[in-house]
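Right, one structure below, let's go through it.
Nothing in this text is a laboratory measurement; each read-out follows from the coordinates by a stated rule. Everything quoted here is computed from the prediction, not taken from an experiment. Positions of Cβ are backbone-derived with ideal geometry, glycine not excepted, and every protein chain shown enters the neighbour counts.
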Amino acid sequence: MRVALLVTLSVIVSGTTAFAEDGWVLWEKTRQVYRRKVIAETERQLAPYETRDQCLLGAQQQAPGSELLRPGDPGRDFGGRLVTVNPDGSTRVVRFDKRDPEGPSQWHYYTCQPDSVNPTMLVPRR
């Protein structure tokens, strides 16, 4: 009986570990901002990847200029497009009109999550 229980537990544990390592998904969260207030927000999957490094490269490709920055560096302005690479490797792109910095802008966040995680279902931190 004990042997069967141990075999069953080892199969469950090894299956769970393998599932957690299956792949990564690149997510995009977009916020429409006007006068410092969020007026619309969407979140969607962009692409699946086999590894986290491949996913982070995909995030970098969504944010031209991010390849020039190291994680944690201050954002860089590329003429109405502010690009930041966060310490976790995620990227943020803010598009705005330089003549009206308080006017409408779009904020794009690109993050990589394990394919078993859906960030739209996570509870926001308070």
statement: So for segment 23-116, using the alpha carbon gyration tensor with a ≥ b ≥ c as root eigenvalues (a/c under 1.5 gives rounded; past that, a/b versus b/c decides prolate or oblate), I'd call it oblate
query: Once you put a point 7 Å from the Cα of Leu46 and another 7 Å from the Cα of Val117, both along the Cβ direction, what distance in nm separates them?
result: 1.7
query: Per residue, what volume in Å³ does the Cα convex hull of segment 68-126 take up?
result: 122
